[in-house]
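Below is one structure, written out as structure tokens, with a few remarks after it.
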Amino acid sequence: MTGRLIDMSMGMNRRPRVTLELDGNPLAKLEALKDVQLDIEIRKHRARRSLSANAYFHVLVNKIAAETGESDDAVKVRLVLDYGTIDRDKDGKLVGFKLPQAVDPSKYWPYVKYVETREENGKLFNCYLFYKHTSDMDTKEMARLIDGAISEARELGIETDTPEQLARFKEEWSH
């Protein structure tokens with residue numbers, strides 16, 4: 001749900017009151033929440049990455065994979081780990097985990113990066129950070145990922161213009 005903060009005031013009970021203007025018409029959903037304790041999180045809105053940005057990223061992944069001989073999945077994972085966004089919890093803290101050294105975390109989640117090995121009670125554990133899936137990235141995060149993919153593609157001599165850019169160039173060249 002998105003909206004805007006309209007007003008803030010202090011109630012007679014000395015507790016803050018916030019007035020929000022909500023996009024759409026969520027009144028039916030909100031009516032069911034009247035007079036119950038709520039968990040409320042308000043944060044700055046960030047637009048989700050667009051489907052065209054995702055499609056362009058996958059075009060670059062395919063081209064890089066064809067040039068390097070890697071699988072599309074391997075290229076995508078590598079790019080996400082090199083240029084993607086480390087996941088954070090609702091408090092903004094990095095999300096990570098540790099596993100016994102013999103366990104391969106990529107069997108459970110593709111976007112994990114090794115950080116360090118720790119010894120606890122004589123046993124070795126590898127520590128990892130989670131990276132966001134591309135579908136969970138906002139426009140700024142996706143732009144950084146695409147910029148990294150473009151950079152790698154150009155280093156390999158791969159054409160990186162989008163079909164729209166190429167069509168515009170061709171139109172300009174014909175005049």
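Rule-based calculations on the coordinates, nothing more; no lab input. Keep in mind that this is a model prediction, so the values were computed, not measured. Because the Cβ atoms are built from the backbone with ideal geometry, glycine has one as well, and the counts that use them run over all protein chains shown.
The figures follow:
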quantity	calculated
On Cα atoms only, tilt of 72-83 relative to the major axis of the chain in degrees	60 degrees
Cα→Cβ-extended label distance, 7 Å offset, between Ala102 and Ala32, nm	4.8 nm
Degrees, to the nearest 10: 51-68 long Cα axis against longest axis of the chain	30 degrees
R0 of 22 Å, Cβ-Cβ distance Asp91-Leu20: FRET efficiency to nearest 0.05	0.50
Estimated 222 nm signal from helices in the chain, with DSSP H stretches of n ≥ 4 weighted -39500 (n - 2.57), rounded to 500	-11500 deg cm²/dmol
Crossing angle, helix 139-155 versus the chain [Cα axis fit, 0-90 degrees, rounded to tens]	10 degrees
Global form of the chain, assessed from the alpha-carbon gyration tensor, a/c cut-off 1.5	oblate
Under 19 Å from the Cα of Lys63 - lysines, other chains or at least 8 residues apart	Lys76
